[in-house]
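Peer 1: One structure coming up, written as structure tokens, with questions to follow.
The values are calculated or read from the model by the stated rules, or taken from the named source; none is laboratory data. It should be emphasised that the depicted structure is a prediction, and the values quoted were computed from it without experimental measurement. When we count neighbours, we look across all protein chains shown, and the Cβ atoms used for this are built from the backbone with ideal geometry, even at glycine.
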Amino acid sequence: MKRRKKAICEADLYPAVKAFLQGQGYEVKGEVRDCDVVARRGEEPPVIVELKLRFNLALLLQGVERLSLADEVYLAVPRRAGSRYEGASPEDRLVQKLCRMLGLGLMTVNPDAPPKCAVEVLLDPSPYRPRKSKPRIGLLLGEFQRRRGDPNRGGVRGVKLVTAYRQEALRCVQLLEGAGELSLKALRATGLVPNAAPILQQDVYGWFERRSRGIYGLSDAGRGALKTFAHALDLPLQEAGAMAARE
């Protein structure tokens, strides 16, 4: 019968962290003015390490508080095998990005490992200036500009969002509903659906039917979309019918 491995506590991480810092020439002391680990090398500014059994909000808040005492603040959690972390993993890219944004360092500790490999520094603290992504900014502003009105409620989950693309597809649905069927030329002539050709030809949502060359009508799913997205229709039905009739 296998013995269950003894659960560790935060204090079990201390010897490995202390040995690691001493190996770099620091004098190390534990529990100094509520700081788990404080290290100093000569007249250099102090290094602070906060110990926790898992990466969580309490550890982050503790680290942020310590930044008022030192520029070099590390968060230390036990190193787990595989993906056995409870909650957030310190090896997660977004976790490390968050620490970088806050100016915090991050390390993992295996108290049972040989001293030379007991501590792994995943991230050193440094000032953070996020690098902007011009393509993503372009997509964000483009979507914002093309979307008419505000058809989505911020923070919702599990519902179909009304994007600028979906809005334009819905305008096609409204125009076709009013006319029965229309040509691509007629749809474009309204000025309401400049992307009519790719929207109808690709038919991402299954809303359209090709009746003949260049002529389209609605599928049952398309007629259902008028009810499903009634809250997001930005073209009054009577206006859609009038435009379709003129074409």
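Peer 1: Does segment 28-50 contain at least one residue that is over 26 Å from Val95 (Cα atoms) and of a type in the set (Val, Ile, Thr)?
Peer 2: Checked against the condition, which is being over 26 Å from Val95 (Cα atoms) and of a type in the set (Val, Ile, Thr), segment 28-50 yields at least one hit.
Peer 1: Based on what the data block shows, is Ile199 part of a helix (DSSP H, G or I), under 30 Å from Leu94 (Cβ atoms) and among the aliphatic types (A, V, I, L, M)?
Peer 2: In short, no.
Peer 1: Still on this structure: Grab the strands (runs of 3 or more DSSP E) fully contained in segment 34-108, keeping just those with 1 or more residues being surrounded by fewer than 21 Cβ atoms within 10 Å (Cβ to Cβ).
Peer 2: Answer list for segment 34-108: 35-40, 72-78.
Peer 1: I would also like to ask the following. Can you name the condition, by its number, that Asp220 falls short on among (1) in contact with a helix residue (DSSP H, G or I) (Cβ under 8 Å, 6 or more places away or on another chain); (2) at pLDDT 90 or above; (3) not hydrophobic (A, V, I, L, M, F, W, C)?
Peer 2: All conditions pass for Asp220, except number (1).
Peer 1: Within segment 109-155, which residues are loosely packed, with under 12 Cβ neighbours inside 10 Å, polar (S, T, N, Q) and assigned to a loop (DSSP other than H, G, I, E, B)?
Peer 2: Ser133
Peer 1: Something else now. With the requirement that a residue be in a loop (DSSP other than H, G, I, E, B) and surrounded by 13 or more Cβ atoms within 10 Å (Cβ to Cβ), what does segment 161-173 give you?
Peer 2: The answer is Val162, Thr163.
Peer 1: Every residue in segment 174-196 that is assigned to a loop (DSSP other than H, G, I, E, B) and farther than 20 Å from Leu226 by Cβ, please.
Peer 2: Answer for segment 174-196, where residues must be assigned to a loop (DSSP other than H, G, I, E, B) and farther than 20 Å from Leu226 by Cβ: Gly191, Pro194.
Peer 1: Does Gly158 satisfy the condition of being touching a residue at least 60 places away in the same chain (Cβ under 8 Å), out of contact with any strand residue (DSSP E or B) (no Cβ under 7 Å at 6 or more places or on another chain) and either within 20 Å of Arg213 (Cα to Cα) or surrounded by fewer than 12 Cβ atoms within 10 Å (Cβ to Cβ) (or both)?
Peer 2: Against the criterion (touching a residue at least 60 places away in the same chain (Cβ under 8 Å), out of contact with any strand residue (DSSP E or B) (no Cβ under 7 Å at 6 or more places or on another chain) and either within 20 Å of Arg213 (Cα to Cα) or surrounded by fewer than 12 Cβ atoms within 10 Å (Cβ to Cβ) (or both)), Gly158 does not qualify.
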